[in-house]
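The structure follows.
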Amino acid sequence: MSIFIDRGTRLVVQGITGRDGSFHSRQMIAYGTTVVAGVTPGKGGQRFDDTVPIFNTVAEAVAQAGANASVIYVPARFAADAVFEAADAGVKLIVCISEGVPVLDMTRAYPYVKEKGARLVGPNCPGLISPGQAKVGIIPGQICAPGPVGVVSRSGTLTYEVVYQLTRAGLGQTTCVGIGGDPIIGTDFIDCLEAFEADPATKAVVMIGEIGGTDEQNAAEYVKAKMKKPVVGFIAGQTAPPGRRMGHAGAIISGSSGTAPEKMAAFEKAGIAVMKRPADVVELTRTRL
Amino acid sequence: MNLHEYQARELLRRAGIPVSSGDVATTPKEAKAVAERLGGRVVVKAQVHAGGRGKAGGVKLADTPEQAEKVAGQILGMRIKGLTVQKVLVAPAAEIASESYVGVIVDRASQSPVFMVSPAGGIDIEEVAAKTPEQIFRARVDARYGLLPHQALGLAFALFADVNLARQTADILQKLYRAFVDAGASLAEINPLVTTPNGGVIALDSKIVVDDNELERRSAIAALRDVSAENPAEVQAREANLTYIKLDGNVGCVVNGAGLAMATMDLVKYYGGEPANFLDIGGSSNPDKVVTALQIITADPNVHAILFNIFGGITRCDDVANGIVTATRRFKVGRPIVIRLTGTNEKEAVEILRGVGMAALTDMDEAVKQAVALAKGGKAA
């Protein structure tokens, strides 16, 4: 079992002929993901790598190839429209990898997607992987393995680091979700925690947060109130100075809120096992399985 | 990107919001000329990207043009929170009947723009939020429709019972929202918004923060960037598409990815060291970026050891290794380098480094421990 993506995922890649889109489409196909279509306006009728049919629009990809999920690799300035297009085509899972998407664009796209009953992951995220089943996005497949741990994270390479440590220690994953580091994202920690709690194959959850905002504090309250499965947590940015944006648009301590100590205290209060460093994930997770 | 007060005022003025007259000056003489033109009492304000200007002595009143020249001389060149003041705004000292706060931000929690207004103006809104939260009134904006007229009026009545003042304020809020959207801002605030003794409402001070992701499609806004008001190393990094933030420690860090970069700094601290910087080389593979990263880090005299922590995904480890080798050929690094590489093309990277007598580790904790020990002048474990 897994959350959000599995063997039944039929993926359309928006921007399949671009530099990033083509590279990662090959990686996703090699991993075993069912990529049923690509979209590049003007290249409809062609095939990607002589196999995957390319369409001019997402609507055609849904109607003719039966796509039920989309992944977006288009340049940032076109990303919001790509999200609208996928939602209009009736796609229920939209994963936006593109980074640098203006936040005001997302304030318009997000409520639209929600009203259409679709799930958006990202933008500015590494996507998801259900090891052994499907990969949607850019998480390297070789560092993951099937197993009982659910992983949700705001980061990219830090997720890889934690997953790598888990896999090396023999702790595989049901699904790893990179929700993205932007201030406005489609799927948040709570959405993932809820899904992991409901997934019978997931026995423990690792949650990787960072400074900025209150998403982790809200997630901690959710864990305390609603979750029976053990949760292990990490907060990046314990040494970050206030008022400076640490790379991610969302990673900024404003005033006295959004600090690492504040978030770690919220985790502890909710009974979440707090990692002091990434390597702690192995011991804290193993002892709770 | 932060705009200066004088730039934010200009955007508000163009949006039709009443702002006091006034002009920017870079020398005491210019300040005097502006004060002469305005006539009467003026306020001279440091234009610098730091809060707490008033407390730092960066805002002063002057009764005459000569006095304006004198206080401008005191403020120009002053350092506030590590930044040198290069410009001052000279504006008439307004007669104030009341001070309010009005602002709009992109709010993470409600995933939309949110207006906040408060009758407790003139001071830091976060302080108001912490001490007297009942003094803040909010309205969530659906970005697809913008600030609705009834929302604007509702907020305005929260500030003023007088219908004349409320209508003027509602008009200002609508225009502020338009300026916020047109600038691609993540924050636009007027603090204080003042009422004058004759019943007018004007914006006295304002702050606009632009979403960096908007700059590509808004060249006029991008042109407002004042490079002279920023840390030169951070400017150099941005031009190379790196994110660099200088800190006070002695372990220089080069990492791919913001989350891993923060976690690496934290681990340096965990093992008893102090990070000298945050540096994210980003996702793409480009040896030149690594060279620039090493240039920036070696220019910091506090750095005693340099730590690379690369988890290859999109970033290829061999590209990073090539960058390190190129940099060490081009200039003297002069500090020990500890390299941790794992992931895409790790084997090739190890070969490249071995060719020049360098070694690479695969474990993050081990690499951090060695870098901390070297920075302290001890021997690598």
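Given the conditions (1) in a helix (DSSP H, G or I); (2) under 18 Å from B:Pro192 (Cβ atoms), report the number of the one that B:Gly73 does not fulfil.
It fails just one condition, (2).
Something else about it: Of everything in segment B:20-42, what is surrounded by fewer than 22 Cβ atoms within 10 Å (Cβ to Cβ) and either hydroxyl-bearing (Ser, Thr, Tyr) or farther than 29 Å from B:Val235 by Cβ (or both)? Give them in sequence order.
Listed by number, the residues that qualify are B:Ser20, B:Ser21, B:Thr26, B:Thr27, B:Ala33, B:Glu36, B:Arg37, B:Leu38, B:Gly39, B:Gly40, B:Arg41.
Sticking with this structure for a sec: Hey, among B:Glu99, B:Glu127, which residue is among the acidic types (Asp, Glu) and part of a strand (DSSP E or B)? Let's see the steps before the verdict.
Working: B:Glu127 fails: part of a strand (DSSP E or B).
Going through B:Glu99, B:Glu127 in turn, the sole match is B:Glu99.
Across segment A:78-124, what is the total count of residues that are within 11 Å of chain B (Cβ to nearest Cβ), in a loop (DSSP other than H, G, I, E, B) and farther than 24 Å from B:Ala222 by Cβ?
1
Take the conditions within 13 Å of chain B (Cβ to nearest Cβ) and surrounded by fewer than 21 Cβ atoms within 10 Å (Cβ to Cβ) and apply them to A:Pro242. Does it pass? Before the answer, list the steps.
Numbers: within 13 Å of chain B (Cβ to nearest Cβ): yes; surrounded by fewer than 21 Cβ atoms within 10 Å (Cβ to Cβ): yes.
Judged against the criteria, A:Pro242 is a match.
Going through segment B:130-163 one residue at a time, which ones are among the hydrophobic types (A, V, I, L, M, F, W, C), assigned to a loop (DSSP other than H, G, I, E, B) and either at pLDDT below 95 or under 14 Å from B:Gly103 (Cβ atoms) (or both)?
Kept after step one, since they are among the hydrophobic types (A, V, I, L, M, F, W, C), are these residues of segment B:130-163: B:130, B:136-137, B:139, B:141, B:143, B:147-148, B:152-153, B:155-161, B:163.
With the extra rule that they be assigned to a loop (DSSP other than H, G, I, E, B), the set shrinks to B:136, B:141, B:143, B:147-148, B:160-161.
If the condition is that a residue be among the hydrophobic types (A, V, I, L, M, F, W, C), assigned to a loop (DSSP other than H, G, I, E, B) and either at pLDDT below 95 or under 14 Å from B:Gly103 (Cβ atoms) (or both), then B:Ile136, B:Val141, B:Leu147 are the ones that fit.
Please identify the pairs in which a residue from segment B:344-363 that is outside the structural domain of B:Ile306 (by TED's automatic domain parsing) has its Cβ atom under 7 Å from the Cβ atom of a residue that is part of a helix (DSSP H, G or I) and surrounded by fewer than 12 Cβ atoms within 10 Å (Cβ to Cβ), counting only partners at least 6 apart or on another chain.
Matching pairs, first to second residue: none at all.
Continuing with this model, one more query. When you check B:Val227 against the structure, is it more than 14 Å from chain A (Cβ to nearest Cβ) and under 14 Å from the mean Cα position of the chain (by Cα), yes or no?
Values: more than 14 Å from chain A (Cβ to nearest Cβ): yes; under 14 Å from the mean Cα position of the chain (by Cα): yes.
Answer is yes for this residue.
Restricting segment A:216-237 to residues that are surrounded by fewer than 22 Cβ atoms within 10 Å (Cβ to Cβ) and closer than 18 Å to A:Ser153 by Cα, which is nearest to the other protein chains (Cβ to nearest Cβ)? Even if it seems obvious, please write down each step before you answer.
The first filter runs over segment A:216-237 and keeps only residues surrounded by fewer than 22 Cβ atoms within 10 Å (Cβ to Cβ), leaving A:217-218, A:221-222, A:224-230.
Subsequent filtering for residues that are closer than 18 Å to A:Ser153 by Cα retains A:217-218, A:221-222, A:227, A:229-230.
On the way: A:Gln217: 10, A:Asn218: 8, A:Glu221: 13, A:Tyr222: 14, A:Met227: 21, A:Lys229: 24, A:Pro230: 22 Å.
Selected residue: A:Asn218.
With the structure loaded, tell me whether B:Glu189 is touching a Ser or Thr at 6+ places or on another chain (Cβ under 7 Å), within 14 Å of chain A (Cβ to nearest Cβ) and touching a residue at least 24 places away in the same chain (Cβ under 8 Å) or whether it fails that test.
Numbers: touching a Ser or Thr at 6+ places or on another chain (Cβ under 7 Å): yes; within 14 Å of chain A (Cβ to nearest Cβ): yes; touching a residue at least 24 places away in the same chain (Cβ under 8 Å): yes.
Considered against the rule, which asks whether it is touching a Ser or Thr at 6+ places or on another chain (Cβ under 7 Å), within 14 Å of chain A (Cβ to nearest Cβ) and touching a residue at least 24 places away in the same chain (Cβ under 8 Å), B:Glu189 comes out as yes.
Yes or no, residue by residue, for (1) in contact (Cβ under 8 Å) with a residue 60 or more places away in the chain; (2) closer than 30 Å to B:Ser110 by Cβ; (3) assigned by TED's automatic domain parsing to the domain that holds A:Gly213:
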| residue | (1), (2), (3) |
| --- | --- |
| A:Thr157 | no, yes, yes |
| A:Gly170 | no, no, yes |
| A:Ile179 | no, yes, yes |
| A:Pro183 | yes, yes, yes |
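Name, by its number, the condition in (1) touching a helix residue (DSSP H, G or I) at 6+ places or on another chain (Cβ under 6 Å); (2) in contact (Cβ under 8 Å) with a residue 12 or more places away in the chain; (3) on the phi < 0 side of the Ramachandran plot that does not hold for B:Gly259.
(2)
Out of the residues in segment A:255-285 that are exposed (fewer than 15 other Cβ atoms within 10 Å of the Cβ) and in contact (Cβ under 8 Å) with a residue 24 or more places away in the chain, which is nearest to B:Asp107 (Cα to Cα)?
A:Lys269
So which residues in segment B:231-267 are assigned to a loop (DSSP other than H, G, I, E, B) and more than 12 Å from every other protein chain (Cβ to nearest Cβ)? Lay out the reasoning, then the answer.
The initial filter retains those residues of segment B:231-267 that are assigned to a loop (DSSP other than H, G, I, E, B), namely B:231, B:240-242, B:247-250, B:256-257.
Across segment B:231-267, the qualifying residues are B:Ala240, B:Asn250.
Which residue out of A:Gly209, A:Gly156, A:Gly150, A:Gly181 is at pLDDT below 95, touching a Ser or Thr at 6+ places or on another chain (Cβ under 9 Å), surrounded by 24 or more Cβ atoms within 10 Å (Cβ to Cβ) and of a type outside the set (Val, Ile, Thr)? Let's see the steps before the verdict.
On the way: A:Gly209 fails: at pLDDT below 95; A:Gly156 fails: touching a Ser or Thr at 6+ places or on another chain (Cβ under 9 Å); A:Gly150 fails: at pLDDT below 95.
Unique residue meeting the criteria: A:Gly181.
Identify all residues within segment B:14-44 that are of a type in the set (D, E, K, R) and either under 23 Å from the mean Cα position of the chain (by Cα) or over 18 Å from B:Ala223 (Cβ atoms) (or both); write none if there are none.
B:Asp23, B:Lys29, B:Glu30, B:Lys32, B:Glu36, B:Arg37, B:Arg41
What do you reckon, is B:Lys347 surrounded by fewer than 17 Cβ atoms within 10 Å (Cβ to Cβ), basic (Lys, Arg) and in a loop (DSSP other than H, G, I, E, B)?
On the way: surrounded by fewer than 17 Cβ atoms within 10 Å (Cβ to Cβ): yes; basic (Lys, Arg): yes; in a loop (DSSP other than H, G, I, E, B): no.
Considered against the rule, which asks whether it is surrounded by fewer than 17 Cβ atoms within 10 Å (Cβ to Cβ), basic (Lys, Arg) and in a loop (DSSP other than H, G, I, E, B), B:Lys347 comes out as no.
If you don't mind, there's one more thing I want to ask. Restricting to segment A:41-77, name every residue that is among the aliphatic types (A, V, I, L, M) and assigned to a helix (DSSP H, G or I).
Residues of segment A:41-77 that are among the aliphatic types (A, V, I, L, M), as a first pass: A:52, A:54, A:58-59, A:61-63, A:65, A:67, A:69, A:71-72, A:74, A:76.
Passing the criteria: A:Val58, A:Ala59, A:Ala61, A:Val62, A:Ala63, A:Ala65, A:Ala76.
The values are calculated or read from the model by the stated rules, or taken from the named source; none is laboratory data. No experiment lies behind these values; they were computed from the predicted model shown. FYI the Cβ positions are ideal-geometry reconstructions off the backbone, even for glycines, and counts take in every protein chain you see.
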